[in-house]
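One structure below.
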Amino acid sequence: MRILLTNDDGIGADGLVRLAAAAKALGEVYVVAPDVQRSAASHSVTLRHPVEAWEVDFPVENVHAYATTGLPADCVRVGVLNIMRGKVDHVFTGINDGYNVATDLQYSATAGAAFEASFQKIHTIAFSEDKATRHAVTDRYLFEIMQNLLDKPLGYGQIWNVNFPSCELSDCKGVLYDRTVSRDEFYTDRYTETKLPNGRMSYMVDGRRIFSGTEGTDLHAVINNYVSVGIATNIS
């Protein structure tokens, strides 16, 4: 089995290292990831200048790792079409530092890279966890869910989207499958406004998280300390 990994938090992100360590048990693993953080890039790709890539040392033994100047979707395209050169069985993205649920999914470059792999007709799973230092739930269920989803079919433009809650392992209530993408707001967005010395205005996003969600959705699951597993679709 040949597996490509990428993320939007950058080649040195802890979540990517943990994902590679788990995936290595399934087969040959390649990592092609941005050299720096490229979050919120959605499904953007680079068109007007080249994407550079170079091999790097990676803390997981026997993993082929490359950093690139590209966006996460570029990493999938370059990884599949050039670096791996041959059949790619699966693409895993993440483990993202922050949930990819509800309305935020449209901005996520973790999801964007996963959708790019789906468009390349490759079975894909996106993994995310809350922005926290507690990883016990993720580390407990990561490989189990990875194995469970490997043979679960997906349609064109579909990905498996997995989110791990931010809680102690003892407080986790288990895994909920078949979660839908919530249409509830995950953030109430606003911008902090600052007048600059040159007379221009500066606007910095300053959203506030909403801790509620419709039952049966990804947002409701993670808020209530469940691991959320579901299919996300983007065929635009």
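What follows draws every value from the coordinates through simple rules; no lab data is involved. Just so you know, these numbers come straight off a predicted model, no measurement behind them. Here Cβ is always computed from backbone atoms with ideal geometry, including for glycine, and neighbour counts include all displayed protein chains.
In plain terms, the chain from T214 to R140 could stretch by 24.0 nm, reckoned as 0.36 nm per residue minus the Cα-Cα distance. Cβ crowding within 10 Å ranks H220, H135 as H135, H220, fewest other Cβ atoms first. Contact order, relative form, for the chain: 18 percent (alpha carbon pairs under 8 Å, 6 or more residues apart, mean separation divided by residue count). Overall, the anisotropy analysis places the range 2-150 in the rounded class: the square-rooted eigenvalues a ≥ b ≥ c of its C-alpha gyration tensor yield a/c less than 1.5. Under 27 Å between C-alpha atoms is the cut-off here; go through the chain and count lysine pairs that meet it, provided they're at least eight residues apart or on different chains. Going through the chain pair by pair, I get 9. Springs join every pair of Cα atoms under 10 Å in this Gaussian network model of the chain, and among M84, M146, M201 the largest mean-square fluctuation is at M201. Each Lys and Arg adds +1 at its Cβ and each Asp and Glu adds -1 at its Cβ; summed about the Cα centre, the chain shows a dipole of about 460 debye. Ranking V31, N82, V229 by how far each Cα lies toward the positive end of the dipole of the chain (charges on Cβ) leaves N82 at the top. Take the Cα of V51, step 7 Å along the line toward its Cβ, and report every residue of the range 95-122 whose backbone nitrogen sits under 12 Å from that point. Answer for this model: 113-114, 116-117. Remark: the N225-N82 segment gains 47.5 nm on full extension, using 0.36 nm per residue and subtracting the alpha carbon distance.
Sites listed here are trypsin sites (Lys or Arg not before Pro) in the range 75-143 whose DSSP assignment is loop and whose Cβ has at most 11 other Cβ atoms within 10 Å: R85, K87, K121, K131.
Distance from the C-alpha centroid of the range 144-159 to that of the range 165-189: 19 Å, rounded to the whole angstrom. Placing a label point 7 Å from the Cα of K131 along the Cα-to-Cβ line, the residues of the range 171-206 whose backbone N sits under 16 Å from it are 186-192, 204-206.
Placing dummy labels 7 Å off each Cα toward the beta-carbon, the span from E61 to S170 is 3.4 nm.
Reducing the range 119-134 and the range 1-71 to their Cα centroids gives an inter-centroid distance of 12 Å. Within the chain, antiparallel bridges make up roughly 35 percent of the DSSP beta bridges whose residues both belong there.
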